[in-house]
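A quick write-up on the structure given underneath.
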């Protein structure tokens, strides 16, 4: 919720759909992590949504590849996306208030939220997208960071955009 000061400033309540990217790149859960890394490199992105029979079921990030593949010296051609992806997927709806999405990210210690409408994947919103997009969100991030320590995975984004 916006404080009375923010309402008086005439700021509008932003929704996830106002910030999300709409072209989400996906990969089948049975693809190899080598294929996943190649797709991430091709599109210059940091994550892919893993799908099973067209339905989003997980997310694989650069961090997942580092921690669960590289650090464990796993064979990239034999390790499947489903073996290292984060699941179950934490998702939001397009009409969710952006502030609530940020709170959910803090609570779940994640930086990316797939956006679903019904059961259909319609977008992706990241903490970086939010921080870059709206000065009002910077205030909210500051307040959250003052109340509780920022999750380690979010610290870089918060330090860069919020300090």
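The values are calculated or read from the model by the stated rules, or taken from the named source; none is laboratory data. What you are looking at is a predicted structure, and each value in this text was computed from that prediction instead of being measured. Here the Cβ is made from the backbone with ideal geometry for all residues, glycine too, and neighbour counts use every protein chain on show.
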Query raised in the report: For residue 16, all conditions in the list (1) in contact (Cβ under 8 Å) with a residue 60 or more places away in the chain; (2) under 21 Å from residue 119 (Cα atoms); (3) not assigned by TED's automatic domain parsing to the domain that holds residue 118 hold save one; what is the number of the exception?
Result: (3)
Query raised in the report: Looking at residue 70, is it farther than 20 Å from residue 113 by Cβ and free of Cβ contacts under 8 Å to residues at least 40 places away in the same chain?
Result: yes
